[in-house]
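**Student:** There's a structure below that I have some questions on.
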Amino acid sequence: MEDELRPFIEKFNITVKRQYIDNEPELEQRYGSKVPVLTFDEKTLCEYFLDSEVLLLEIENTVKK
């Protein structure tokens, strides 16, 4: 997923923070084996694979605010 995010990072100048869930009980409980996960403001956008349509909608909605 990280490689797939690069074009979005460059085009929209967004920042992505990588967060490991190992040794983080709350995150391990929340996500378990659903990694990688892409979240935005505590909202899960996609799991396992990048859903570019969902990401684009979130970016557009954020820009409109």
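The values are calculated or read from the model by the stated rules, or taken from the named source; none is laboratory data. Bear in mind that the values here come from a model prediction, so they are computed numbers and not experimental data. No Cβ is skipped: glycine too gets one built from the backbone with ideal geometry, and neighbour counts run over all protein chains shown.
**Student:** For region 1-19, give me each residue that is surrounded by 10 or more Cβ atoms within 10 Å (Cβ to Cβ), assigned to a loop (DSSP other than H, G, I, E, B) and without any contact (Cβ under 8 Å) to a residue 12 or more places away in the chain.
**Tutor:** Gln19
**Student:** Filter region 20-47 down to the residues that are exposed (fewer than 12 other Cβ atoms within 10 Å of the Cβ) and within 14 Å of the chain's Cα centre (by Cα), then identify the one that is farthest from Thr62 (Cα to Cα). Before the answer, list the steps.
**Tutor:** Step one: filter region 20-47 for residues exposed (fewer than 12 other Cβ atoms within 10 Å of the Cβ), giving 20, 22-23, 25-26, 29, 32-33, 41-43.
From the residues that got through so far, the ones that are within 14 Å of the chain's Cα centre (by Cα) too are 20, 41-43.
On the way: Tyr20: 25, Asp41: 11, Glu42: 14, Lys43: 13 Å.
Here the residue is Tyr20.
**Student:** So if I check each of Leu55, Leu50, which one is surrounded by 12 or more Cβ atoms within 10 Å (Cβ to Cβ), under 12 Å from the mean Cα position of the chain (by Cα), at pLDDT 95 or above and not in a loop (DSSP other than H, G, I, E, B)? Talk me through it step by step, then tell me what you get.
**Tutor:** On the way: Leu50 fails: not in a loop (DSSP other than H, G, I, E, B).
None of the other options fit; the residue is Leu55.
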